[in-house]
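The values are calculated or read from the model by the stated rules, or taken from the named source; none is laboratory data. Computed from a prediction, not measured in an experiment: that's the story for all the values here. Positions of Cβ are generated from backbone atoms using ideal geometry, with glycine treated the same way; all protein chains shown enter the neighbour counts. In case anyone asks, the SASA skips ligands and DNA or RNA and just uses the protein heavy atoms, side chains included. Shrake-Rupley method; radii C 1.70, N 1.55, O 1.52, S 1.80 Å.
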Amino acid sequence: MKCTVFIDESGETGIGKIRENGKRGASPYFVLAAAVMPSAIQIVARKLLKQVQDEIPKNWKHATDLNHRQTVFFCRAAATVNMRIFAVVSKKSTLKGYSEQIEHDSHKFYNKCTQYLLECVGQYLKGKGLFSSDPDVIFEGRNHNFDTLRRFIGSVKEKPLNPRAQFLECFNPFGFVERAKDEEDLLKFADLAAHAVYQCVNKTGNNFNIPEARYIVELQSRFGADENGKVLGYGLKCIHSLEEVDVDKDIQNTWKSLSAKPRVRQPN
């Protein structure tokens, strides 16, 4: 069964100068998310997205364009689509030596987050018996060197240094494409997933430094989960641990409680 992996992000990739303690800079957190849809599901997803857009008449491309109630509405509708969501979240202040190692290069940081995300997706596809057919991978077009990304994922596949890199085997990085949302509207589901996770860590004056967990709770049934239905560590990956991501206690408890239909282990 052929499937497509739609990938989008929330937050900024800059790692040289981070916004903290009143200082201007890039967002302290970065989230990269994927919405995995079998080909047959995409027709249903497009129809549902059209219904959501009809209910929200304003011209919008990103979840950040929506108000709270509209976002909840979209999340609740998206949760009815038979897709699987995966996300990785990084707190940049924990990069330390790695940031220096890559010379504060935001493109290399994005590429590494992509590796972690695709490993999560590949693990799911292997468990579902879909590892033998290369999935299509579509990124939202952005100011990024995707040729470097393709070569990076290809090199990790060829010379894996970590056992989890085995889950990249099903991907053909040189088939990765980038599209704008007006070219591929299903990217809005990946954008929504990234937004839902990012709002769990987003603290600004506009939200009184109070993160919002409602969106991820509404979407939890669509996240990837292990055999016990646990999302954290499988559908939602913290780089490199929940402790390092350093979220508020209530968010931490919410993430720990997230559950979804467990994946079915395929016979060897």
Considering the range 151-179 alone, what residues qualify as being more than 15 Å from ALA34 (Cβ to Cβ), open to solvent by less than 40 Å² (accessible area, probe 1.4 Å) and either touching a residue at least 60 places away in the same chain (Cβ under 8 Å) or in contact with a Pro (Cβ under 7 Å, 6 or more places away or on another chain) (or both)? GLY154
Failed item in (1) out of contact with any Leu (no Cβ under 9 Å at 6 or more places or on another chain); (2) over 22 Å from GLU140 (Cβ atoms), with THR64 passing the rest: (2)
List the helices (runs of 4 or more DSSP H) that sit entirely inside the range 1-110 and contain at least 2 residues that are out of contact with any helix residue (DSSP H, G or I) (no Cβ under 8 Å at 6 or more places or on another chain), open to solvent by 90 Å² or more (accessible area, probe 1.4 Å) and of a type in the set (Lys, Arg). 39-55
Restricting the range 123-150 to residues that are out of contact with any Pro (no Cβ under 9 Å at 6 or more places or on another chain) and assigned to a helix (DSSP H, G or I), the one surrounded by the fewest Cβ atoms within 10 Å (Cβ to Cβ) turns out to be ASP147
Which residue out of ASN145, ASN202, ASN207 is without any contact (Cβ under 8 Å) to a residue 40 or more places away in the chain and within 30 Å of GLY22 (Cα to Cα)? ASN207
Go through the range 29-40 residue by residue and tally those that are more than 13 Å from ALA190 (Cβ to Cβ) and at pLDDT 95 or above. 2
Is there a residue being part of a loop (DSSP other than H, G, I, E, B), open to solvent by 10 Å² or more (accessible area, probe 1.4 Å) and in contact (Cβ under 8 Å) with a residue 40 or more places away in the chain anywhere in the range 215-232? no
Only residues that are open to solvent by 20 Å² or more (accessible area, probe 1.4 Å) and touching an Asp or Glu at 6+ places or on another chain (Cβ under 8 Å): list them for the range 185-210, please. GLN199, ASN202
What about LYS159, is it more than 21 Å from THR94 (Cβ to Cβ), modelled with pLDDT under 95 and of a type outside the set (Asp, Glu)? yes
Within the bounds of the range 111-118, is there any residue that is closer than 18 Å to LEU219 by Cβ, open to solvent by less than 60 Å² (accessible area, probe 1.4 Å) and part of a helix (DSSP H, G or I)? yes
If I filter the range 249-261 for residues that are touching a strand residue (DSSP E or B) at 6+ places or on another chain (Cβ under 9 Å), open to solvent by less than 40 Å² (accessible area, probe 1.4 Å) and within 18 Å of LYS128 (Cβ to Cβ), do I get at least one hit? yes
Residues in the range 121-163 that are basic (Lys, Arg) and more than 25 Å from PHE189 (Cβ to Cβ): how many? 3
